[in-house]
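Q: Quick one: the structure is below, questions incoming.
The values are calculated or read from the model by the stated rules, or taken from the named source; none is laboratory data. The structure presented is a predicted model; accordingly, all values stated were derived computationally and were not measured. No Cβ is skipped: glycine too gets one built from the backbone with ideal geometry, and neighbour counts run over all protein chains shown.
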Amino acid sequence: MTTPRILIVEDDSYMRNQLKELLKNDYQVFTSGDRDEALSVFKYTKPDLVLLDLYLPPDIYSSKIGMDILQRILEIRNNTKVIVITGSNDNKDALSAVDMGVYAYITKPFNIDDLKVLIKGCLYIQKLERENKALHQELEKRWNFEGIIGNCPQMCQVFSIINKAAPTDYTILIEGETGVGKELIARALHSRSPRKEGPFIVIDCTVIPEGLLESELFGYEKGSFTGAYRTKRGKIELAEKGTLFLDEIGDLPISLQAKFLRFLEESKIQRIGGVSPKKVNTRVIAATNKDLKLGVTKGSFREDLYHRLNMISIKIPPLRERGSDILLLADYFLKKYSEGKRLSSEAKNALFQHDWPGNVRELKNRIQKAIAMSSDNLISAGDLGLETKNSYRNKSSLRHAKQDVEKEYLITALRNNKGNITHTARELGTHRIVIRRLMKKYGISKEKFMPSYKGQLEFPRRNIMSKLKILVVESDKALRIELVWHLKKHYEVFEAADRHDALTYLKKEKRPDVILLELYLPPRRDTLEDGFYVLQKFKERIPEAKVVIITTATEKEVMDKAKEEGADAYLQKPFELEELEDTIEELSQSVPQGKERRKYWRDDEGKGIGVEKRKQWRVSCELPIQWVLVEGESPLKGETNTIDISYSGVSFPVETPIAPNSVLDMKLSLPSHLPKLVVKAVGVVRWLVKLKNEYTYRLGVEFVEMKYAHRKAIADYIYKL
């Protein structure tokens, strides 16, 4: 977890130093004594909290300087929390600061314990605000599609069709009950199309009298009928290079359908009273709440027009079939039309139990009515005009169902990415912190998804080259100890505090695979020279080693120079340990292995390191197998079934006969340096497995026999899939 940063702005040097000493064990503390220095340090360190004395030089009897600093701080970074420290008995200035947005104020002299409690509460509030903001952004990203709220599978399918259909010029028919949001879908299609800069014209076929609908659609020439005092362009022409949306196309009079069909076929129109047709470039999106197929059968709708409109069909589900979207929409309307209002448990139950004949439009109207009618911030079912009934769709079951889906989704993503949290977060479009929080919530361990876990017999980690070696070069003793303690659980870790200590590891047997390097090193801690010197030497002597720069330096020039000198990664202090772990994990994938690694592990005289020690733990692997298919049928089509034999990520399929009582005898010898071996039977069939003259029935098994050189023990491992 990142250590919170605090900036103390106080002109009294004694108090400034005292506060720093009292707070530095729990926080990263920065100090300044005047306006210019305070703003400079603030921009550089980006603190989470500022302790600000309002009365600062040159005029220590006025709060003008302090108020100016406060205003600049909130302008530069408005999510920074501020606690005002004042020595004045008149709290007028402090209260004015509170009105400007500070968290709290405290008057000198004060109890340091009171200040610590205030700081702790302030940072906790800030943490909640950030989490809430991140959650809202995530929800907005996932559940808001061009202003259309929805996360159910049916709506996700609709969004997918919109993405595919929008870039085309095809005519689209939107079908759905009244109030489901057909016009919103049409607008989404328009806004995602190449015509988005053009007009979006809407015409409702139900509200315009039949006698006027033709002139509204096609326009008319001056003098074409009584009252036609001037030429008028129709809606089709007005939608030139844009989109025409015809709502309730099922109510288009049969007398107009032939003329409208000709427009769709030829992209030409003729105004009423016009002499020649006019070419138009207009896309048509139509919508209906009727069954047009039934209209075709009854003769109220032309079949050829139906097929011409129905090039792409989008069916909008009614609200009652959208499950959890009901609450999403209700929350959306509550936030849009009110502040602080929320739904009671009874109201949520009532929302799920209602059939919603008016769909989203009805929900919106009921929420607006409830906001106006509710006497407090908690909206009841009565405020919504709904009654609760006994129903299986209760809050508990809904919550559990959502949690089950979320957990299964997370497990699938982790399995696809072999437990790599960074890649999982990237696939799901979120941050690693969110993934770790969900894993903790559901008790999921990433190790079970990693290649070295299920069905594999691991060797003892006693080979000199079996663990990744990490060198921590850090002058800050507290941070160095924390890093070493955290990393030694999984790696072989060494530490160095300065340039001299770091360079000694170039001459030792324990040369590192990964170096965590702070650039500001003793003896010249005020410059970067020693840090870059160490980086150059390691890259010169051990070019295959990976170097991660960990530093407070933020200048782009420093980052660019580190990259030029061969640094593989750059972490800005303060950083999260999980972020460091992920960086090491990614870099370790490219650390040399096998012969290349042995070439790399040489001392200064060119001799191999620890040869005798490695020989002591050399392992020879022998795998005797006999498979007998005793009953059942192979699920695989063809004349053979397949057994996958894999080690170190390399797979060898072995084809076997599938007839009952068929026998496969094989003996597999593997190279002595391989750390893991897995054998899997593919197919849900019953096998009779012979291992050490004993028969074992399995529905599909995975087993390994290992013989350790220089040992009498034999490890037999059978794992049921």
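Q: Taking the condition in the same structural domain as residue 166 (by TED's automatic domain parsing) and outside any helix (DSSP H, G or I), does residue 236 pass?
A: no
Q: Are any of the residues in the range 237-260 surrounded by 14 or more Cβ atoms within 10 Å (Cβ to Cβ), touching a strand residue (DSSP E or B) at 6+ places or on another chain (Cβ under 6 Å) and of a type in the set (Ser, Thr, Tyr)?
A: Yes - at least one qualifying residue is present in the range 237-260.
Q: For residue 274, are the conditions met, namely being surrounded by 14 or more Cβ atoms within 10 Å (Cβ to Cβ), in contact (Cβ under 8 Å) with a residue 40 or more places away in the chain and either more than 51 Å from the chain's Cα centre (by Cα) or not assigned by TED's automatic domain parsing to the domain that holds residue 198 (or both)?
A: Taking the combined requirement at face value, the residue satisfies it.
Q: OK, next. Mind checking which residues of the range 63-75 are surrounded by fewer than 21 Cβ atoms within 10 Å (Cβ to Cβ) and either touching a residue at least 40 places away in the same chain (Cβ under 8 Å) or in contact with a Phe, Trp or Tyr (Cβ under 7 Å, 6 or more places away or on another chain) (or both)?
A: none
Q: From (1) within 20 Å of residue 43 (Cα to Cα); (2) of a type in the set (A, V, I, L, M); (3) within 37 Å of the chain's Cα centre (by Cα), pick out the condition that doesn't hold for residue 125.
A: That leaves (1) as the condition not met.
Q: Please work out if residue 198 is buried (at least 16 other Cβ atoms within 10 Å of the Cβ), touching a residue at least 40 places away in the same chain (Cβ under 8 Å) and within 48 Å of the chain's Cα centre (by Cα).
A: In short, yes.
Q: Collect the residues in the range 194-233 that are of a type in the set (Gly, Ala, Ser), under 17 Å from residue 275 (Cβ atoms) and assigned to a loop (DSSP other than H, G, I, E, B), keeping them in residue-number order.
A: 223, 224, 228
Q: Sort out which residues of the range 512-563 are in a helix (DSSP H, G or I), of a type in the set (Phe, Trp, Tyr) and touching an Asp or Glu at 6+ places or on another chain (Cβ under 9 Å), and write them in order of number.
A: Selection gives 532 alone.
Q: Let me ask another. Quick test for you: out of 542, 549, pick the one residue that is touching a residue at least 12 places away in the same chain (Cβ under 8 Å) and touching a strand residue (DSSP E or B) at 6+ places or on another chain (Cβ under 7 Å).
A: 549
Q: Select from the range 367-392 the residues that are surrounded by 14 or more Cβ atoms within 10 Å (Cβ to Cβ) and within 34 Å of the chain's Cα centre (by Cα) and write down the one among them that is modelled with the lowest pLDDT.
A: Restricting to residues being surrounded by 14 or more Cβ atoms within 10 Å (Cβ to Cβ) and within 34 Å of the chain's Cα centre (by Cα), the top hit is 378.
Q: I'd like to know if the range 174-191 contains one or more residues that are part of a strand (DSSP E or B) and crowded, with 16+ Cβ neighbours inside 10 Å.
A: Yes, that holds for at least one residue.
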